[in-house]
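Worksheet for the structure shown next.
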Amino acid sequence: MDLSEQAENIKRISGVDTKKCLRCGKCTASCPNYEDMEYHPHQFVYFIENGYLDRLLKSDAAFRCMTCFACVERCPRDVKPAKLIEAVRLTLVRQKDSNRLKPYDIIENLNADLPQQAIVSAMRKYTK
Amino acid sequence: MQRIGVFICWCGSNIAATVDVKKVAAAALNEPGVVFSADYQYMCSASGQGLVKDAIREKGLTGVVVCSCSPRMHEATFRKAAESCGLNPYMVEIANIREHCSWIHKDVAEGTEKAVILMRAAVAKVNLNQSLVAGKSDVVKRALVIGGGIAGIQTALDIAEAGYEVDIVEKKPTIGGKMAQLDKTFPTLDCSACILTPKMVDAAAHDKIKIYSYSEVESVSGFVGNFTAKIRKKARFVKEDLCTGCGLCTEKCPSRKTPNEFNEGMNTRSAIYIPFAQAVPKYAVIDPAACLHFKTGKCGLCERTCDAKAVDYNQKDETIERKYGAIVVATGYNVIKLDNFGEYGYTENPDVITSLELERIMNAAGPTGGALLRPSDKTHPQKIVFVQCVGSRGQRPCDKPYCSKICCMYTAKHAMLIREKYPDTEVYVFYIDVRTPGKNFEEFYRRAVEQYGVHYVKGQVGKVAENAGKLRVYGSDLLMNEQIVIDADLVVLAAAIEPDESAKKIATMLTTGIDTNNFLTEAHPKLRPVESATAGIFLSGVCQGPKDIPETVSQASAAAVKVIGLLAKDQITCNPCVARSDELLCNGCSSCEKVCPYGAITYIDKEVNDHGKREVRRIASVNEAVCQGCGACTVACPSGAMDLKGFTNKQIMAEVDAICR
Ligand SMILES: Cc1cc2nc3c(=O)[nH]c(=O)nc-3n(C[C@H](O)[C@H](O)[C@H](O)COP(=O)(O)OP(=O)(O)OC[C@H]3O[C@@H](n4cnc5c(N)ncnc54)[C@H](O)[C@@H]3O)c2cc1C
Ligand code: SF4
Ligand code: SF4
Ligand code: SF4
Ligand code: SF4
């Protein structure tokens, strides 16, 4: 798949219509993990619409998204940026050998304070 | 001695916060002639006015001073109140202690001191006021509309429908204005001609409307209710009563190289021409600058071709004089010239066009028969770039500081229509802001983006350069913080609009105001948007400020209502504050006549009795119906003979003395 096909695919699997975006930036304004992300929700929307997907694929921004859905909740145009980010994540993890978390690594990262739910969600996020 | 009452208004806290109103009321009682003073929260309210009326009756007041807001706001209110209880309205004066005092001062002591001084001046004036009686003058029941675009047409139709005669004076050979050149119109995308031409035809067919096409108003004299206009009907060199509009002559004419104005110069027309198929009135007109007969004395083909014998090379301009009760200015706009915008290469590159040119290209009656072909090689453009705000919202000498208001919407329209008809075309719109307020406008623009996939890029275009048969467009995408380069086939510039070049001349002729951009000025931006500051002169359409068609038509109808309101009266009350010359002082020097902007002053020979000496003297005489009370003559008069009733030299000096006391 070339980049523009990939962008189309991201839109398809997320069900997001990027053209609905007004560029108001409210999604980014709402994002609690702003500091940690190289690219922000409104940029996911804009980049995918306008052929800059490569930048998103090279960045770890998608994995920094906490999937809190604040952007989805507050977007006045119902664009659902987090769904788009999720689709970028899926695109990345479906690339062969791109796992970021291997099951046997979990053991050494385990921490008594870490809720089990977080481990499961990290597995979902960082592996196929 | 007068018996004067002084009334101080708090204007809520507008005045009372900066002026000690009680102090002003107390100070008033020390002034000569003042027998009563009072302060009140809102003097203009019914109970405030009641206070004034009661005092007039109970204290037997002969003069009233209201210390309040500007006389522009409430002078009429208080004069009416006084009149209702038998006091001559011109015995009421306003001291403006709001705009002239409380609003511009912060310190209460200072504000109060100034308010007292302003009150003192007004009292000094009222002490010298005399009752004045306003005269009446007849209203000519006919209106003049200058400009026959959609604004002028709508105004004329509404006035005519109310039963009054209207003349439309249009400088071009046909009415219709810019709207006649448009293809489809936002926000509904109906065809412009389909909705405009019925109105043009209605105007022409209406028995109350007379259209002077190819004509201009040369001069206007008179005053509200009674204007006289000189209209110059330019020679068409075709007799209107004989021409059937068949157009045979235009086909035979051998001189065919003149740029066709209707198609924005993108094709040519013959020397004898009919501007477009639906022109109203539909008569041929000869352009003498292109006609071989006028240039060489030969040819004469059209004369021979015309079966109706309508061609008349000897026709002369005609001047018609008509009287009108009201005048409406509807002179519209033009798209600015783009010669000074070198960055876009408009003058060098035929494929860089204006949006109005695009309207013609997309129109079935246009130079390409409605096919979207670029001018240079008549090929279909695959990539089109629209540039917004060209010449609008800028501060260079070639720019206009205002937003032209219509371009965001018409570009969305163009982009959408192109994507609809040619889905293979890629369309980019470079914008600074997208401004689409208006009913169904935002939805319209979003449709261009969401449904038609037009690429809107936030940023301006810095340069357009020819590059191997394409136009290389250097733009910025501010949302990416990057420069972007697009190789386009066609570039369309949303050029700013400006008032017609005649606006300045018209404003001077009608002694009405014009702003720094040459838009005619309304009497009040909020409360009197269709009246000019000059009585009897009204504004309709884009000549007053940028507008789309829906807004233009609303304003046109509003102007018509104002005209109808005026024409419905048989007589109007004149301003009694007019000039008068003292026949014993006047030496007939003509100084006043020269400065009077309304031509109100003439000279008469009159027998005067100068301290027992009887002699006939040449003295100035003011036509009270024409005089507007501007006071220019009183200043010009070297012998102090000219005086303005209600603003006599003595009254003004008394005010000055009171201020300097
Ligand atoms: C490219 C483009 C696209 C547009 N598309 C739309 C659209 O889709 N929908 C919409 O609502 N609006 C549109 N508009 C705006 C629309 O054209 C105007 O709102 C409308 O034409 C204003 O009408 P008007 O009568 O005030 O002015 P005009 O149409 O300019 O008419 C003025 C008339 O007065 C005449 N005149 C001027 N001076 C004199 C004089 N001294 N003496 C006698 N006659 C005189 C002129 O010849 C002209 O006939 C568009 C404008 C442009 C430039
Ligand atoms: S909140 Fe919605 S409309 Fe606004 S920038 Fe984000 S995605 Fe676009
Ligand atoms: S001038 Fe004669 S030939 Fe020409 S349009 Fe009129 S009637 Fe026809
Ligand atoms: S209407 Fe739009 S394009 Fe036109 S000047 Fe205003 S902001 Fe610019
Ligand atoms: S005040 Fe004098 S100058 Fe002004 S309009 Fe009247 S006569 Fe003319």
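The values are calculated or read from the model by the stated rules, or taken from the named source; none is laboratory data. Owing to the predicted nature of the structure, the values given are computational and were not obtained by experimental measurement. Counting neighbours? That spans all protein chains shown, and the Cβs are built from the backbone with ideal geometry, glycine included. Surface accessibility is based on the protein's heavy atoms, side chains included, excluding ligands, DNA and RNA. Shrake-Rupley method; radii C 1.70, N 1.55, O 1.52, S 1.80 Å.
In segment A:8-53, what residues are among the hydrophobic types (A, V, I, L, M, F, W, C) and within 14 Å of chain B (Cβ to nearest Cβ)? Can you show your working first?
First, the residues of segment A:8-53 that are among the hydrophobic types (A, V, I, L, M, F, W, C): A:10, A:13, A:16, A:21-22, A:24, A:27, A:29, A:31, A:37, A:44-45, A:47-48, A:53.
Within segment A:8-53, A:16, A:21, A:22, A:24, A:27, A:44, A:45, A:47, A:48, A:53 meet the criteria.
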Can you tell me which residues in segment B:625-649 are charged (D, E, K, R) and under 19 Å from residue B:94 (Cα atoms)? B:645
Selected residue (criterion: farthest from ligand 4 (Cβ to nearest atom)) from residues of segment B:419-453 that are more than 35 Å from the chain's Cα centre (by Cα) and of a type in the set (Val, Ile, Thr): B:425
Run down B:420, B:450, B:442 and say which single residue is of a type in the set (Asp, Glu) and open to solvent by less than 60 Å² (accessible area, probe 1.4 Å). B:450
Kindly evaluate residue B:492 against the criterion of being under 16 Å from residue B:352 (Cα atoms), away from every other protein chain (no Cβ under 14 Å), within 37 Å of the chain's Cα centre (by Cα) and surrounded by 19 or more Cβ atoms within 10 Å (Cβ to Cβ). yes
Kindly list the number of the only condition in (1) open to solvent by less than 20 Å² (accessible area, probe 1.4 Å); (2) over 34 Å from the mean Cα position of the chain (by Cα); (3) away from every other protein chain (no Cβ under 14 Å) that fails for residue B:406. (2)
Consider segment B:429-447. How many of its residues are more than 14 Å from chain A (Cβ to nearest Cβ) and in a strand (DSSP E or B)? 0
For segment B:242-260, indicate whether the set of residues that are farther than 17 Å from residue B:287 by Cβ, within 24 Å of the chain's Cα centre (by Cα) and open to solvent by 20 Å² or more (accessible area, probe 1.4 Å) is non-empty. no
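Would you point out which residue out of B:450, B:522, B:466, B:501 is within 14 Å of another protein chain (Cβ to nearest Cβ) and either within 21 Å of residue B:407 (Cα to Cα) or acidic (Asp, Glu) (or both)?
On the way: B:522 fails: within 14 Å of another protein chain (Cβ to nearest Cβ); B:466 fails: within 14 Å of another protein chain (Cβ to nearest Cβ); B:501 fails: within 14 Å of another protein chain (Cβ to nearest Cβ).
Being within 14 Å of another protein chain (Cβ to nearest Cβ) and either within 21 Å of residue B:407 (Cα to Cα) or acidic (Asp, Glu) (or both) holds for just one of B:450, B:522, B:466, B:501, which is B:450.
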Can you tell me which of (1) hydroxyl-bearing (Ser, Thr, Tyr); (2) open to solvent by less than 60 Å² (accessible area, probe 1.4 Å); (3) touching a strand residue (DSSP E or B) at 6+ places or on another chain (Cβ under 8 Å) is the one residue B:573 doesn't meet? (2)
Residue A:117 is checked against (1) polar (S, T, N, Q); (2) assigned to a loop (DSSP other than H, G, I, E, B); (3) more than 16 Å from the chain's Cα centre (by Cα) and fails just one. What number does that condition carry? (2)
Test each condition in (1) surrounded by fewer than 17 Cβ atoms within 10 Å (Cβ to Cβ); (2) in a strand (DSSP E or B) for residue B:620 and report the one that comes out false. (1)
Just to be sure I understand, how many residues within segment B:50-105 are over 32 Å from the mean Cα position of the chain (by Cα), surrounded by fewer than 21 Cβ atoms within 10 Å (Cβ to Cβ) and among the hydroxyl-bearing types (Ser, Thr, Tyr)? 2
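Per-residue answers, yes or no, for (1) crowded, with 21+ Cβ neighbours inside 10 Å; (2) under 25 Å from the mean Cα position of the chain (by Cα); (3) within 16 Å of ligand 5 (Cβ to nearest atom):
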{"site": "B:228", "(1), (2), (3)": "no, yes, no"}
{"site": "B:239", "(1), (2), (3)": "no, no, no"}
{"site": "B:266", "(1), (2), (3)": "no, no, no"}
{"site": "B:272", "(1), (2), (3)": "yes, no, no"}
{"site": "B:287", "(1), (2), (3)": "no, no, no"}
{"site": "B:304", "(1), (2), (3)": "no, no, no"}
Would you check if residue A:79 is surrounded by 15 or more Cβ atoms within 10 Å (Cβ to Cβ), away from ligand 3 (no atom under 16 Å from the Cβ) and part of a loop (DSSP other than H, G, I, E, B)? yes
In segment B:90-108, what count of residues is obtained for those that are in contact (Cβ under 8 Å) with a residue 40 or more places away in the chain and in a helix (DSSP H, G or I)? 5
Taking only segment B:525-554 into account, find how many residues are touching a helix residue (DSSP H, G or I) at 6+ places or on another chain (Cβ under 8 Å) and either assigned to a strand (DSSP E or B) or surrounded by fewer than 17 Cβ atoms within 10 Å (Cβ to Cβ) (or both). 5
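Taking segment A:57-76 on its own, how many of its residues are open to solvent by less than 50 Å² (accessible area, probe 1.4 Å), more than 16 Å from ligand 2 (Cβ to nearest atom) and not in a helix (DSSP H, G or I)? Working first, answer last.
Here is the first cut: in segment A:57-76, the residues open to solvent by less than 50 Å² (accessible area, probe 1.4 Å) are A:57, A:59, A:61-63, A:65, A:70-72, A:75.
Checking which are more than 16 Å from ligand 2 (Cβ to nearest atom) leaves us with A:57, A:59, A:63.
Restricting the remaining residues to those that are not in a helix (DSSP H, G or I) gives A:59.
Total satisfying the criteria: 1.
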Give me the pairs: first residue in segment B:470-488 and more than 14 Å from every other protein chain (Cβ to nearest Cβ) and open to solvent by 20 Å² or more (accessible area, probe 1.4 Å), second residue of a type in the set (Asp, Glu) and not in a strand (DSSP E or B), beta-carbon distance under 8 Å, and six or more apart or on different chains, which are they? B:470/B:489
For segment B:453-463, how many residues are within 10 Å of chain A (Cβ to nearest Cβ) and either among the charged types (D, E, K, R) or outside any loop (DSSP other than H, G, I, E, B) (or both)? 4
Taking residue B:516 and the conditions (1) modelled with pLDDT of 95 or more; (2) more than 14 Å from every other protein chain (Cβ to nearest Cβ); (3) surrounded by 14 or more Cβ atoms within 10 Å (Cβ to Cβ), which numbered condition does it fall short on, given that it satisfies the others? (3)
